[in-house]
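Just below is one structure, and these are the notes that go with it.
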Amino acid sequence: MKYAHTRFRVSNMDASLKFYRDVLGMKVVEESTSPRGSKLVFLQFPENDAELELCSFPDSGNVSVPEDLVHLAFEVDDLDVWMKRLKEGGAPITEGPTESRSGSRFLFTEDPDKYEIEIIQRGKP
């Protein structure tokens with residue numbers, strides 16, 4: 001079995017694409033419309049073949065993500081570079097940076113619908 005993708009329903013596809021594509025640097029690999037009319041956009045994770053599927057279905061209303069429900073985590077080489085990138089892209093840093101006992105550093109940001117995104121720089125072994 002191989003992990004393929006996760007779907008996030010989003011309130012505003014343009015705002016979500018600005019975050020995932022323009023701020024996080026993900027690549028759009030497919031766009032389509034489902035039989036029921038949902039707009040679907042698949043994004044490729046950097047250096048990974050797993051995908052994030054964004055689904056916009058305005059008839060179902062705005063998305064309300066409860067706090068601490070779900071988050072995606074990305075490992076990076078330099079957390080400071082990513083803090084700068086997030087700030088320049090207008091993405092909030094909602095927690096951190098924090099250093100763990102293992103020496104890893106991490107922070108949390110969130111997308112336009114408040115799905116949490118964790119950015120981790122692993123500690124040196």
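Could you tell me whether any residue of the range 99-107 is under 18 Å from the mean Cα position of the chain (by Cα), within 15 Å of MET26 (Cα to Cα) and of a type in the set (Phe, Trp, Tyr)?
no
Quick check on VAL63: is it loosely packed, with under 14 Cβ neighbours inside 10 Å and in contact (Cβ under 8 Å) with a residue 12 or more places away in the chain?
Details: loosely packed, with under 14 Cβ neighbours inside 10 Å: no; in contact (Cβ under 8 Å) with a residue 12 or more places away in the chain: yes.
No.
Just checking, which of ASP68, ASP80 is part of a helix (DSSP H, G or I) and loosely packed, with under 14 Cβ neighbours inside 10 Å?
ASP80
Please state which of the following conditions ALA91 fails to meet, knowing it meets all the rest: (1) surrounded by fewer than 11 Cβ atoms within 10 Å (Cβ to Cβ); (2) at pLDDT 95 or above; (3) small (Gly, Ala, Ser).
With (1) surrounded by fewer than 11 Cβ atoms within 10 Å (Cβ to Cβ); (2) at pLDDT 95 or above; (3) small (Gly, Ala, Ser) applied to ALA91, the lone miss is (1).
The values are calculated or read from the model by the stated rules, or taken from the named source; none is laboratory data. Here the structure is a predicted model, which means the values were calculated and not measured. Positions of Cβ are backbone-derived with ideal geometry, glycine not excepted, and every protein chain shown enters the neighbour counts.
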